[in-house]
Amino acid sequence: MSAEIYAQSYFKSALDINRISLAPALQQFNGVAMVCFLHLNRIICTEKTPMDNIAEPSRVPHSRIEDALAMVLGTLMVSFGVIMLKQAGALTGSTAGIAFLISYLSPLSFGSTFFLINIPFYWLAVKRMGWEFTLKTFCAVGLVSLFTQLHPLFVHFSDVNPFYATLFGNVIMGIGFIVLFRHKASLGGINILALWLQDRFGIRAGKLQMAVDTCVVLASLFVVSGPILLASIAGAVILNLIIAMNHRPGRYRV
């Protein structure tokens with residue numbers, strides 16, 4: 001029961017008693033007291049506390065040094081996840097999935113294939129996202145391609161469970177993607193094409209992305225085994241869930 005309701009019931013009871021045993025002047029005094037009490041209660045309830053006067057912090061953009069460090073950290077994580085997937089003989093969707101398929105079917109490495117596939121999409125990135133985003137994406141793609149060549153020189157997987165490597169590799173890649181996204185960078189490719197086609201021709205970006213991923217999965221039937229394919233699909237789901245839960249526009253201030 002609020003203070004206002006309690007006061008009304010209290011003074012109503014008091015007035016009922018006064019009608020029986022007290023003089024009319026005292027009844028009028030109780031009525032005036034009730035009005036004063038309710039007015040004071042409204043003032044107290046509506047008064048601002050010191051916490052109400054604290055202004056929300058303004059958005060502070062990332063510095064160039066922070067962007068550079070995040071670029072290195074994000075691409076290190078994505079490229080290490082790629083190495084784990086390659087060790088398991090697995091793959092993923094989008095442009096990286098196409099690069100995996102080509103690297104499995106040809107002497108080309110994943111790093112060089114991934115870098116070459118992304119080249120045609122930079123023009124679309126400039127038109128759709130601007131020069132800053134395009135330059136960051138170009139650097140991110142280049143670093144992922146470079147790190148996938150360097151990791152095997154320092155890390156060797158002699159015995160790793162393919163299912164575990166596929167799932168955990170996608171977890172690491174998802175975290176790396178979040179780091180890149182938070183600093184306004186990406187790994188380009190099909191995502192940029194999907195956004196451009198959506199703006200130009202009204203084709204839903206999600207539908208194109210799903211179509212490309214479906215083609216990658218169908219093509220992989222002739223390259224990887226059934227269990228590894230299932231692990232790859234499960235890993236792709238985990239990766240997208242990590243991005244969906246941790247990268248929502250408007251949730252974060254920087």
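The values are calculated or read from the model by the stated rules, or taken from the named source; none is laboratory data. None of the values given here were measured: they were computed from a predicted structure. Cβ placement follows ideal geometry from the backbone for every residue including glycine, while neighbour counts extend to all protein chains displayed.
One table, with the values for the structure above:
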quantity: Pick from region 135-170, criterion surrounded by fewer than 17 Cβ atoms within 10 Å (Cβ to Cβ) and among the β-branched types (Val, Ile, Thr), ranking: farthest from PRO120 (Cα to Cα); calculated: VAL160
quantity: Residue match in region 196-210 (condition: surrounded by 19 or more Cβ atoms within 10 Å (Cβ to Cβ) and either over 21 Å from ILE243 (Cα atoms) or within 24 Å of the chain's Cα centre (by Cα) (or both)); calculated: yes
quantity: Helices (runs of 4 or more DSSP H) within region 95-169 that include 1 or more residues out of contact with any Leu (no Cβ under 9 Å at 6 or more places or on another chain) and of a type in the set (Asp, Glu); calculated: 131-154
quantity: Residues satisfying the stated conditions in region 193-224, i.e. in a loop (DSSP other than H, G, I, E, B), at pLDDT below 75 and of a type outside the set (Lys, Arg); calculated: ILE203
quantity: Candidates LYS127, LYS184 - the one that is among the charged types (D, E, K, R), touching a residue at least 24 places away in the same chain (Cβ under 8 Å) and under 17 Å from VAL78 (Cα atoms); calculated: LYS184
quantity: Test result for THR75, assigned to a helix (DSSP H, G or I), hydroxyl-bearing (Ser, Thr, Tyr) and over 21 Å from PHE157 (Cβ atoms); calculated: no
quantity: Among (1) within 25 Å of SER232 (Cβ to Cβ); (2) over 26 Å from the mean Cα position of the chain (by Cα); (3) not small (Gly, Ala, Ser), the one test that LEU153 misses; calculated: (1)
quantity: Members of region 225-254 found to be at pLDDT below 75 and not hydrophobic (A, V, I, L, M, F, W, C), listed by number; calculated: HIS247, ARG248, PRO249, GLY250, ARG251, TYR252, ARG253
quantity: Considering residues of region 85-112 that are small (Gly, Ala, Ser) and within 21 Å of LYS207 (Cα to Cα) only, the residue surrounded by the most Cβ atoms within 10 Å (Cβ to Cβ); calculated: ALA99
quantity: Selection within region 118-131 - crowded, with 21+ Cβ neighbours inside 10 Å and of a type in the set (A, V, I, L, M); calculated: ALA125
quantity: Where a residue in region 192-221 is farther than 21 Å from ARG128 by Cα and its partner, wherever it lies, is in a helix (DSSP H, G or I) and of a type in the set (Phe, Trp, Tyr), with Cβ under 7 Å and at least six apart; calculated: none
quantity: PHE115 among the aromatic types (Phe, Trp, Tyr), in contact (Cβ under 8 Å) with a residue 40 or more places away in the chain and surrounded by 18 or more Cβ atoms within 10 Å (Cβ to Cβ); calculated: no
